[in-house]
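The values are calculated or read from the model by the stated rules, or taken from the named source; none is laboratory data. This one's a predicted model, so the numbers in the text were calculated from it and none came from an experiment. For the accessible areas, the whole protein counts, side chains as well, though only heavy atoms, and no ligand, DNA or RNA atoms are used. Shrake-Rupley method; radii C 1.70, N 1.55, O 1.52, S 1.80 Å.
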Amino acid sequence: MDTLLDAGSLSKLRWRCRRGLLENDLFIERFFAIHEQSLTVRQAGALEVLMDLADNDLLDLLLARREPEGELARDDVLEVLAQLRQRPQR
């Protein structure tokens, strides 16, 4: 079982996830609204990898215009990307 992210690390991660494109911020805010209470250290690491991308590259992944390749095609990154792409329940 993965270790849950502590409050301090979660706060730092939220700050790290601030983006220059509003569209990316909307995906990320929805992700935190749904998953922040159950976010694990492993998932946080995968989210950090995604945050290293340029804004337009990240948006292409979030909108499924393209899929992760190479080093991004890791299980943990794919899991977090799927969570980021989740649409809210109605």
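The table below lists the values:
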item	result
Mean separation of Cα contacts under 8 Å (6+ apart) over length of the chain, as relative contact order %	34
Gyration tensor (alpha-carbon) shape descriptor, segment 51-90, a/c threshold 1.5	oblate
Accessible area in square angstrom per residue, the chain, 1.4 angstrom probe	64
Segment 22-90: C-alpha gyration tensor shape, a/c 1.5 cut-off, then a/b vs b/c	oblate
Other-chain or far-sequence residues with amide H under 5 Å of T40's (modelled H)	L5
